Amino acid sequence: MITSARRRAALCALGALTTVLAGCSSGDPATPGRPGRPAASAPPTLAPGPAGLTPVFAHGSRTEGRTVALTFDADMTANQGARAAAGERFDHPELVATLRRLKVPATFFMTGRWAEEYPDQAKAIGRDPLFEVANHSYSHHAFTRDCYGLPTVPPERMRADVDRAFDALRKAGVERPMPYFRFPGGCYDERSLRTLAPGGVTAVQWDVVSGDAFATDADAVARQVLDGVRPGSVVVMHCTRSAAPTTERALRTIIPKLRERGFRFVKVSEQIGSKRASGARS
Ligand SMILES: [Zn+2]
């Protein structure tokens, strides 16, 4: 049980890189469930992709500044409550503290289930201007078939699952979750992009796999990230201590080294915003 769950979670980080990079233009920013917000304060989103599909963002501009976005997935499934009650730590406050101490902006992709388990931490992360919180589904089920052994969300329940996660984030105290969605396992297809399109989210993938899931060698994780990062990169990592025990230590290497190389840490929203702006200019 643990073995299969661990294998699944490890593989989850290795989901297929996107092949569909949405066109950039000044789309109509959408904030699900928050009608009436002034447009000026709406977070940036990408315009819909081809045929109106949910746009997919995998990395920022390669040419406009040396930005890098660290992203942290807060995975938790509906049936892991008993393990959490028995002492398994799906949270990672030390990692969050390190990001704060080193003043590193970051984007958290939180499952609704994680926010229910750790509402105080979800709220604190959500209210910290250093961070932003986005949606990683309610219970980390896959939105395609054959996604690393994850159970599958039926198409007719996909939108409800995303909405349920947004509701759980808000209920925990994340007042303004970003309208970004990370597919569990990074698995998506045309059907899932079409199904989620009316919700107005931008799907966020990555271009650098940290390999931090169940890693035992922090240096290897740091090396993999440092070898992979290019200007505009989005790095996928995890903020679940039991599933990513070396990530915090790896960060203490990664962060100063990338700063030495002239990289600036940003949130995904900044990369999406500048991509949208450059698309609008061209
Ligand atoms: Zn995940």
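The residue of the stretch 115-146 that is nearest to Ala78 (Cα to Cα), among those that are in contact (Cβ under 8 Å) with a residue 60 or more places away in the chain and touching a Phe, Trp or Tyr at 6+ places or on another chain (Cβ under 8 Å), is His136.
Tell me, which residue of the stretch 162-182 that is part of a loop (DSSP other than H, G, I, E, B) and of a type outside the set (Val, Ile, Thr) is nearest to Asp75 (Cα to Cα)? Selected residue: Arg182.
Condition check ((1) surrounded by fewer than 24 Cβ atoms within 10 Å (Cβ to Cβ); (2) under 18 Å from Glu132 (Cβ atoms)) across all residues:
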position	(1), (2)
Tyr188	no, no
Val225	no, no
Gly228	yes, no
Ser233	yes, yes
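If you filter the stretch 208-238 down to residues that are of a type in the set (Gly, Ala, Ser) and more than 16 Å from the ligand (Cβ to nearest atom), you find that the one that is nearest to Arg66 (Cα to Cα) is Gly232.
Condition first: in a helix (DSSP H, G or I) and of a type outside the set (Ser, Thr, Tyr). Can you find one or more residues in the stretch 235-249 that meet it? Checked the stretch 235-249: at least one residue is in a helix (DSSP H, G or I) and of a type outside the set (Ser, Thr, Tyr).
Restricting attention to the stretch 188-209 and to residues that are more than 13 Å from the chain's Cα centre (by Cα) and part of a loop (DSSP other than H, G, I, E, B), the residue that is farthest from Val162 (Cα to Cα) turns out to be Asp189. So, Asp219, is that one over 28 Å from Gly49 (Cα atoms), without any contact (Cβ under 8 Å) to a residue 24 or more places away in the chain, over 14 Å from the mean Cα position of the chain (by Cα) and assigned to a helix (DSSP H, G or I) or not? When the stated conditions are applied, Asp219 does not pass them. For Arg241, the requirement of being in contact with a helix residue (DSSP H, G or I) (Cβ under 7 Å, 6 or more places away or on another chain) and either at pLDDT below 95 or among the basic types (Lys, Arg) (or both) is not met.
Cys12 meets each of the listed conditions (1) modelled with pLDDT under 95; (2) away from the ligand (no atom under 16 Å from the Cβ) apart from (2). The residues of the stretch 152-186 that are without any contact (Cβ under 8 Å) to a residue 12 or more places away in the chain and either more than 16 Å from the ligand (Cβ to nearest atom) or under 17 Å from the mean Cα position of the chain (by Cα) (or both), listed by number, are Pro154, Glu156, Arg157, Ala160. Against the numbered list (1) of a type in the set (Gly, Ala, Ser); (2) modelled with pLDDT under 50; (3) touching a Pro at 6+ places or on another chain (Cβ under 6 Å), Ala42 comes up short only at (2). Would the stretch 247-268 turn up any residue that is at pLDDT below 95 and not aliphatic (A, V, I, L, M)? No. The single condition from (1) of a type outside the set (Asp, Glu); (2) more than 26 Å from Gly49 (Cβ to Cβ); (3) surrounded by fewer than 18 Cβ atoms within 10 Å (Cβ to Cβ) that Ala168 fails is (3).
The values are calculated or read from the model by the stated rules, or taken from the named source; none is laboratory data. Please read all numbers here as calculations on a predicted model, not as lab measurements. Note that each Cβ is placed from the backbone with ideal geometry, even for glycine, and that neighbours are counted across all protein chains shown.
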